[in-house]
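For reference, the structure is listed below as structure tokens.
The values are calculated or read from the model by the stated rules, or taken from the named source; none is laboratory data. Note that the coordinates shown come from a computational prediction; the quantities given were computed from them, not determined experimentally. Here the Cβ is made from the backbone with ideal geometry for all residues, glycine too, and neighbour counts use every protein chain on show.
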Amino acid sequence: MLAERLPSVLPELPDDAAMEVTSLHSIAGLLPSGGQLIRRPPFQAPHHTATVSALVGGGSGLARPGAVSLAHRGVLLLDEAPEFDRRALDALRQPLEHGRVRLARSRGTAEYPAQVQLVLAANPCPCAKPAGDVSCDCTPLARRRYLGRLSGPLLDRVDIQVTVRPVRAAELVQVSSDGEPSTVVAGRVATARAAARERWSRLGQRSNAELPGPVLRRPPWCLPGPVIRELRARLDRGSLSARGFDRVLRLAWTIADLDGRQRPDAEDIREAIGLCTGEAL
Ligand SMILES: [Zn+2]
């Protein structure tokens, strides 16, 4: 449910992105009638039985875009991610790394953009009961094997890992007044995105997520030693990969942007480490 709400807090697409998204939907024959540009970030949630070609594109003749391209500039949700076919998950690695899909066919090669926010959702074990549920009798091995299907290169491209507690009945029926509507969150996201775009515009980048790692590690954008002390220690200990190091930095900039501050501090770095490693919550 949370993942489905994600597009509603994302800013409208700028002209060039709206053009790309609309073209992709047109090629796939999915353009809504009316002929207007698609302005909202798209959302795709293919079922876990989806084939490789449904996910990354394919078909006979000239290859059609798949879910990863139809979600370009938007959100791709893989619900019950460990249930997806191994080959389908593997086929996603290239597009996620390069932001593009190349599909070779006998009649020619098609290349489609595929820059998505990927959301993977997984239960803690194959029986789908919440963690610590007494009626779960899955063995630790079965649980490890289940989540192990997501491990490795795919998971190494995931920026944020969060454990979501099961909702209790009391919380579900409670009339809550402290929840924020999507429009309020969307306003905050738009402000943070604008700050990042402004900061990186001279480098030709639009968001913290798109930023090449070296930029954040070198002057003038590297953070002072004391701020990244814990981060460096984790890299030296080997508990964080070089890719993970850059991910924490990008995330820390986003946390600072959301808070309306100029630069991340040590607390932002700590929060980003917690989100990246899944230690938060
Ligand atoms: Zn279980």
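With a requirement of 1 or more residues that are closer than 24 Å to residue 14 by Cβ and within 22 Å of the chain's Cα centre (by Cα), the helices (runs of 4 or more DSSP H) lying completely within the stretch 163-269 that satisfy it span 182-200, 213-217, 242-258. From the list 147, 141, the one residue that fits, being farther than 29 Å from residue 25 by Cα, surrounded by 13 or more Cβ atoms within 10 Å (Cβ to Cβ) and not basic (Lys, Arg), is 147. Of all residues in the stretch 38-80, those that are buried (at least 21 other Cβ atoms within 10 Å of the Cβ) and over 20 Å from residue 99 (Cβ atoms) total 0.
Comparison of 101, 68, 119 shows that the only residue that is part of a helix (DSSP H, G or I), in contact (Cβ under 8 Å) with a residue 12 or more places away in the chain and β-branched (Val, Ile, Thr) is 68.
Could you say whether any residue in the stretch 135-152 is away from the ligand (no atom under 16 Å from the Cβ) and either among the aromatic types (Phe, Trp, Tyr) or at pLDDT below 75 (or both)? Yes, the stretch 135-152 has at least one match. Close Cβ contacts (under 8 Å, 6 or more residues apart or on different chains) running from residues in the stretch 222-247 that are within 19 Å of residue 160 (Cα to Cα) to residues that are aliphatic (A, V, I, L, M) and loosely packed, with under 12 Cβ neighbours inside 10 Å comprise 235/242.
Do the conditions hold for residue 73, that is, is it in the same structural domain as residue 29 (by TED's automatic domain parsing), more than 16 Å from the ligand (Cβ to nearest atom), on the phi > 0 side of the Ramachandran plot and in contact with a Leu (Cβ under 7 Å, 6 or more places away or on another chain)? So residue 73 fits the description; yes. Out of everything in the stretch 198-216 that is modelled with pLDDT under 95 and among the basic types (Lys, Arg), what residue ends up being surrounded by the fewest Cβ atoms within 10 Å (Cβ to Cβ)? The selected residue is 202.
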